[in-house]
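Comments concern the structure below.
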Amino acid sequence: MPVVEDGFLVSTSPATGVEAGRVPISDGKGVEAAVERARTAGAWWAGLNFDGRRTRLLRWRALLAERIEELATLTHAETGKPLADAIVEATAAIEHIDWAARNAKRVLGPRRMRTRLLVAEHSGHLEYQPYGVVGVIGPWNYPILTPLGPISGALAAGNAVVLKPSEYTPAVGQWLADTFAEIVPEEPVFQVVHGLGDVGAALCRSGVGKVSFTGSTATAKKVMAACAETLTPVVLEAGGKDALIVDADADVNAAAEAAVWGSMTNAGQTCIGIERVYAVAPVYDAFVAAVVEKAGKLRLGEEIGPITMPGQVDVIRRHIDDALADGGRALLGGAGAVQPPNVAPTVLVDVPESSAAIREETFGPTVTITKVADAEEAISRANALPYGLGGAVFGKANGIRIARRLHTGMVAVNSTLSFVGMATLPFGGVGDSGFGRIHGEDGLREFGRAKSITVRRGPSLLPAMTFERTPAQVGRIVKAVKLLYGRRP
Ligand code: NDP
């Protein structure tokens, strides 16, 4: 549990209570000063152009790869997650930095655009210019990957970044900014401000060009409201309640393995974690048995770390208790599974759709499995919630067809969570899971403003945008528009 001590924020290991990090706490004035410094730094960084930034970002990527064990150890200390999981998280972040650095020029750089009838004598030019300063607010569950998604896009696009990490994982955020400063010592291009929610709120009101928020849906609404005061654009990566659909022709063993990983990795504290499974009747029994068998082998303190945020334990307990009270059954774990700071893997079946365990984000190593008649019923149940972040489908003939019909931003077919590791694919949700995208080309464009320029190349053939056009010229426009667009296909 983080504490504030003499102007410092002290984070502790959720597993042992031992101090993990100590960073100076900021306030409204500190945030303003950081953003002011970032404005100057951002102008300098933008002036390096795509090639200069690419080189520096690739050097930073190399530093992160060289020191990945150090980063993973710190992440393990602050979140409690297994070291191997922290290594995988850091690797995914490194791949995102690499991709953003290498592709920013292609995606955001100046290009010529085709012209059209009324402006035939003009050439068109498009480029994506940086916002100046991007404020990034991040959660604690993936303290490397979740902030580095938007940060890699924002930096590659030419912005300076001010990060407000979660109060639970400030040292990881600080480490990222400190290592960036080792590579780019000239200007504070990537700064961190520390504190509780009020510091995040101050960042929203600080006059940054854009805010990228990752966290709960409730806080996302507060962030958007604060940003609305200054019409500051936002990217909101919020919570989820992702579903996995197991179709009749699925590889049941592979589906069970992926369901256990998708629901229980990082002790279930994953925004795109699988929290609900809908398995069709013919494979239901075999699937449930395989999930229980595989989840039963997971060990607390080994594959399953502690719950990072103590308050979350109460949410998990309530969801399990409600599910059991509502008529659900625990085939693994259950009422006794909650032993703070740990929660043992829990597999729930027969839970009614009205139960909190089905409707609300649990964020623990729990999963509900529900029998459905067919994929059609699975789709309609999966789509019944206001959340729409990710999801997964196991099946052969109809996997992609089902994936397309899920009302979410991302779906993995015959795996779980894989889209987060593919740096070419945009990441983000719909509905209560937020809007805007990080990662991939859309994630780069999120951090550049489209700038359109026309350049007149010669006299007008069809003068249209002038008071000096003649009736004869308007007549030629009529002829041209009929010739070009008058034929019905
Ligand atoms: P929170 O919403 O509690 O916090 C997120 C960040 O916002 C923290 O840094 C927090 O600071 C800060 N904050 C709190 N209040 C305000 C405010 N009024 N204005 C601005 N910033 C504020 O989320 P958690 O940290 O608990 O993270 C878990 C949530 O994140 C889950 O719902 C999960 O699904 C979601 N998530 C979504 C992802 C996605 O990509 N869609 C990825 C990962 C997680 P402080 O910590 O000091 O309170």
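Under the classification rounded if a/c is under 1.5, otherwise prolate if a/b is larger than b/c and oblate if not, where does the stretch 22-89 fall, given a ≥ b ≥ c as square roots of the Cα gyration tensor eigenvalues? It is oblate, given that a/c is not under 1.5 and a/b is not larger than b/c. Axis of helix 49-66 versus longest Cα principal axis of the chain: the two differ by about 20°, to the nearest ten degrees. For the chain, the calculated P(r), taken from all Cα-Cα distances in 20 Å bins from zero up to the bin holding the longest distance, is 23, 48, 23, 6, 0 percent.
Within the shell of other residues whose beta carbon sits under 12 angstrom from the beta carbon of Ile272, the net charge comes to -3, with Lys and Arg scored +1 and Asp and Glu -1. Kirkwood hydrodynamic radius of the stretch 1-138, from the reciprocal of the average inverse Cα-Cα distance over all distinct pairs: 18.7 Å. Using the Cβ-Cβ distance between Ala281 and Asp442 with R0 set to 45 Å, the FRET efficiency works out to roughly 0.75. Relative contact order, whole percent, for the chain stands at 17, derived from Cα pairs under 8 Å and 6 or more residues apart.
In straight-distance terms, cross-link reach from Lys396 covers every one of the aspartates and glutamates whose alpha-carbon lies under 13 Å from its own, apart from those fewer than eight places away in the same chain; here that gives Asp247, Asp249, Asp251.
With only the Cα atoms considered, the stretch 242-423 has a convex hull volume of 103 Å³ per residue. In summary, the aspartates and glutamates within cross-link reach of Lys81, defined as a Cα separation below 17 angstrom excluding same-chain residues under 8 places away, comprise Glu19, Glu69, Glu70, Glu89, Glu167, Glu302, Glu303.
At 222 nm, what helix-only mean residue ellipticity would the chain give, in deg cm²/dmol to the nearest 500, using -39500 (n - 2.57) for each DSSP H run of four or more? Calculated at 222 nm, the ellipticity per residue is -13500 deg cm²/dmol.
Between Arg106 and Leu63, the simple label model (points 7 Å from Cα in the Cβ direction) yields a spacing of 2.7 nm.
Entry note, the stretch 242-423: relative contact order of 29 percent, from Cα contacts under 8 Å with a spacing of 6+ residues. Would you list which aspartates and glutamates come within 12 Å of Lys297, measuring only between C-alpha atoms, while excluding same-chain residues fewer than 8 positions from it? Straight-line reach from Lys297, under 12 Å: Glu257.
Share of antiparallel DSSP beta bridges in the stretch 242-423, in percent to the nearest 5? Intermediate results must be reported in sequence, preceding the final value.
Details: 5 of 26 bridges.
Roughly 20 percent of the beta bridges in the stretch 242-423 run antiparallel, per DSSP.
Run the paramagnetic zone check for Arg476: 7 angstrom along Cα to Cβ, then residues of the stretch 98-121 with backbone nitrogen under 18 Å. The answer is 116-121.
Axis angle, to the nearest 10 degrees, between helix 145-156 and the longest C-alpha principal axis of the chain: 10 degrees.
Which entries in Lys105/Lys451; Lys164/Lys210; Lys164/Lys222; Lys222/Lys451; Lys164/Lys241 show an alpha-carbon gap greater than 18 Å? In this structure, Lys222/Lys451; Lys164/Lys241 lie more than 18 Å apart at Cα.
Over the stretch 321-476, what is the percentage of antiparallel beta bridges among all DSSP beta bridges, to the nearest 5? If you can, show how the numbers build up before the last one.
Details: 8 of 14 bridges.
Counting only bridges with both partners in the stretch 321-476, antiparallel ones make up about 55 percent.
Axis of helix 281-295 versus longest Cα principal axis of the chain: the two differ by about 70°, to the nearest ten degrees.
For the chain, the antiparallel share of DSSP beta bridges with both residues in that region comes to about 45%. For the stretch 242-423, a simple Cβ point-charge model (Lys and Arg +1, Asp and Glu -1, everything else neutral) yields a dipole of about 220 debye relative to the Cα centre.
Probing with 1.4 Å while keeping every protein chain in the model, the per residue accessible area of the chain equals 42 Å². Summing Cβ point charges (Lys, Arg +1; Asp, Glu -1) relative to the Cα centre of the stretch 58-175 gives a dipole of roughly 760 debye. For the stretch 220-247 and the stretch 110-158, write down the distance between their C-alpha centroids in whole Å. Between the Cα centres of the stretch 220-247 and the stretch 110-158 lies a distance of 19 Å.
The values are calculated or read from the model by the stated rules, or taken from the named source; none is laboratory data. What you are looking at is a predicted structure, and each value in this text was computed from that prediction instead of being measured. Cβ atoms come from the backbone with ideal geometry, glycine included; neighbour counts cover every protein chain shown. Remember, those area values only see protein heavy atoms, side chains included, never the ligands or the DNA or RNA. Shrake-Rupley method; radii C 1.70, N 1.55, O 1.52, S 1.80 Å.
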